[in-house]
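Notes follow once the structure below has been shown.
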Amino acid sequence: IRRSSFVGNFIDKTFTVIADILLKILPASKKEKEAFSYYRSGMTAQGKGRYSEALENYYEALRLEEDPYDRSYTLYNIGLIYGNTGRFTQALEYYHQALNLNPNLPQAFYNVGVIYHMQATRAEAFTEDQYFDLAEKLFDKAAEYWRQALKLAPDNYAGVRNWLKITGRFNDSI
């Protein structure tokens with residue numbers, strides 16, 4: 001545990017130093033730099049499990065940030081926080097917003113698939129036929145998002161690839 005804490009702190013400190021350098025040398029407006037500063041503070045708080053503080057910083061970054069690509073990562077991180085705290089409806093909302101701005105986020109596609117798969121597994125636990133049908137639809141939806149993630153990052157998500165193959169939801173266009 002001690003070593004991983006050291007590595008995590010080292011990475012956080014390295015990121016902070018690099019971010020500070022970038023803020024100073026990159027040609028960016030004051031507003032863009034301020035947005036990035038809030039984003040960075042949000043990431044730091046999120047990494048320490050201080051989710052409400054992270055959300056405050058991310059929302060402030062969104063208020064200031066105009067670049068769609070940068071906004072997509074902020075929205076994605078908000079989705080992560082909501083997913084980690086069991087607020088899956090909000091997580092899906094933010095993941096979808098991120099994907100609308102940046103359809104090249106395999107991790108967002110993956111996380112949406114995880115949420116649908118989890119919901120399907122819960123629905124599958126009920127014995128009524130309507131829940132079985134719902135579970136199948138949710139599993140199909142998870143597969144749809146996971147195939148997108150694999151298209152963008154074909155070397156990632158081996159477990160997903162296996163699940164898609166085992167369940168007959170894999171197609172060779174991936």
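The values are calculated or read from the model by the stated rules, or taken from the named source; none is laboratory data. Every value quoted in this text rests on a predicted model; they were computed, and no experiment measured them. Positions of Cβ are generated from backbone atoms using ideal geometry, with glycine treated the same way; all protein chains shown enter the neighbour counts. The protein model used for the area step is the full one, side chains on, heavy atoms only, and it has no ligands, DNA or RNA in it. Shrake-Rupley method; radii C 1.70, N 1.55, O 1.52, S 1.80 Å.
Overview of results
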| quantity | calculated |
| --- | --- |
| Selection count, the stretch 106-135, where residues are under 24 Å from the mean Cα position of the chain (by Cα) and not β-branched (V, I, T) | 15 |
| E124, sole failed condition from (1) closer than 23 Å to D70 by Cα; (2) at pLDDT below 95; (3) not hydrophobic (A, V, I, L, M, F, W, C) | (1) |
| The stretch 153-170: number of residues that are touching a Leu at 6+ places or on another chain (Cβ under 8 Å) and open to solvent by 60 Å² or more (accessible area, probe 1.4 Å) | 1 |
| Any hit, the stretch 56-79, residues being out of contact with any Cys (no Cβ under 7 Å at 6 or more places or on another chain) and within 15 Å of Y145 (Cβ to Cβ) | yes |
| Residues of the stretch 91-133 satisfying the condition of being without any contact (Cβ under 8 Å) to a residue 24 or more places away in the chain and hydrophobic (A, V, I, L, M, F, W, C) | L92, A120, A123, A125, F126, F132 |
| N102 vs. criteria closer than 22 Å to S72 by Cβ and touching a Gly at 6+ places or on another chain (Cβ under 8 Å) | no |
| Residues that are over 22 Å from N104 (Cβ atoms) and assigned to a helix (DSSP H, G or I), drawn from the stretch 153-174 | N162, W163, K165, I166 |
